[in-house]
Each structure stands twice: as C-alpha cells, then as structure tokens.
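Some notes on the structure that comes next.
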Amino acid sequence: MFCPHCGQQVADGSAFCASCGKSLTGTPTPAPVMDFQAQKNAVRQSEISALSNALQHFAQKRDEFTEYDCVCELVNHYSHGAKSSLLVWGCIITAFGLLAMLSGPEALVGCLIALVVPGAAMIFGGIMMKKKNRKNYKYFQNEYARLSQELYDHYVSYPNCPVGPEYANPEILEVILGVLQSGRADTIKEAINLLINDAERNEMGEYLNMIERNTASINAQTRVAAVFAAANFFK
C-alpha cells in the first residue's frame, strides 16, 4: 500500500507511515473519479438549466423583441430615403412642356394639359414622398431607441445572464437550447459557435449554388453561340 499523505510505499496493515509518521488509520477513502462522459452530461444539464431559466425571463418580452426586429428593418428601409425617380421624371416632363409652350401660342393649352400639369403633379408627389419618408424615419428611430432601452433594462435585470444581450431574443434562446438538448454541444458557447458555423455554411452553400447556376447558364449560352457560328460557317 502507499501512504495517502506522502505517497511512499508502506507495509500493508501499518498504523503509521514510516516516512512521514502520519497515521494511516481512519484515512478517508478518496471519492471515485467521475468518468469523462458523465462530466460532459453534467455540464450540459447545468447549461440547459441556466438557459431555460433565462428563456423564461426573456419570454416575458417576446412581443417587444418581435417589434424590435420589425423596427430595425423599417429604420434600415427609411434610412435609404425615398426614391427620386418620380421627382426627376416630373422635372423632365415639366421642362419639355415649358419648352414646347415657347414654340407658339397654338401649343400653349395642349402642352399645359399634356405635360406641364402632370409634370408638376409628379414633382409635388415626389416632394411629398420624401417628406413622408423623413417623417417615418424619425418616428422609427425614436421607436428603436425606446425599444432598445426597454429591452436593455430587462436584460440587466437578470443577474449573471448566460448569454450576451445580442442573443437574448427568446427565438434565439430556443434555438440554442435545442442544440444543447440534442447533444450537439455541451456548453452554451459551443452551441452558439455551432449555429454561427451552420449559418456560414448555408451562406457559402447558397453562394456556390449561385455560381453553379451562372456557370451552367454561361455554358449553355456558349453552346448556343457555337451552334450558330457553325451554321453560319457552312452557309
């Protein structure tokens, strides 16, 4: 046997260690070491429990998270401004009408009705569209600020949150939780990285499919061009 204190070998049944002199009687038996798979399962269950509790907290603001996503899209949409095509064409048509009116009094009424009035209406419509776009952009910016503050306050009210605020949306938490419950990952961090890698692979797959379609289209066009060239050659 070996002394549990100093590790030196001692005779079986000895009451004291001959090396360090410490008692060998009543020495507690070391607890059995948990196997690796059991440790992984314990860690995963702990992560699942922590994430489930967080999901219950953030699910209280599920509607606000959905509204936040919609507002973000609208802010991005209105940030580009209203299209200027109506305003530009209105200016062009009005200018043509005014120039045509200078050709003679006989064209005055016709050009006024056919070109100048519609062109002016288009200009007015284009101005109103831009004005409405600016108004909507300002409104949804304010909504974005309000929802951001509300959701952030709800986030900080949950101490020791296992995920960052960017992953606090209940829909995202449910996906992460599903990855953990499936056994594909043992920790929340591993589950998030796995989801990011899956998204990148899907994006890359779509990109490769697009290239393949474009290549097939180019090859088909090349074959058609070759057929026409051969037909013209044998004429």
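Note on residue 23: accessible area is roughly 40 Å² with a 1.4 Å probe, heavy atoms of protein only. Normalised per residue, the accessible area of the range 99-192 is 63 Å², obtained with a 1.4 Å probe and no contribution from ligands, DNA or RNA.
Simple spin-label estimate for residue 12 and residue 136 gives 8.8 nm between the two label positions (7 Å along the Cα-to-Cβ direction from each Cα).
Near residue 124, once Lys and Arg are set to +1 and Asp and Glu to -1 for all other residues with Cβ below 14 Å from its Cβ, the sum equals +3.
Note on residue 128 and residue 63: with the Förster distance fixed at 41 Å, the Cβ-Cβ geometry gives a FRET efficiency of about 0.80. Please list log₁₀ I(q)/I(0) at q = 0.19 Å⁻¹ for the range 113-169, using the Debye equation with identical point scatterers on the alpha-carbon positions. The calculated log intensity ratios at q = 0.19 Å⁻¹ are -0.76. Near the amide H of residue 16, within less than 5 Å, lie the amide hydrogens of 24, all on another chain or at least 5 residues away, with H placed in the peptide plane. Solvent-accessible area assigned to carbon and sulfur over the range 86-212 amounts to 65 percent, based on a 1.4 Å probe.
Kirkwood analysis of the range 20-150, using all unique Cα-Cα pairs, places the hydrodynamic radius at 21.8 Å. These residues, 192, 113, go from largest to smallest accessible area, 1.4 Å probe, as 113, 192.
A simple spin-label model places the labels of residue 56 and residue 85 5.4 nm from each other, with each point 7 Å out along Cα-to-Cβ.
The values are calculated or read from the model by the stated rules, or taken from the named source; none is laboratory data. All values reported here derive from a predicted model rather than from experimental measurement. Here Cβ is always computed from backbone atoms with ideal geometry, including for glycine, and neighbour counts include all displayed protein chains. What goes into the accessible areas is simple: the full protein's heavy atoms, side chains included, and nothing from ligands, DNA or RNA. Shrake-Rupley method; radii C 1.70, N 1.55, O 1.52, S 1.80 Å.
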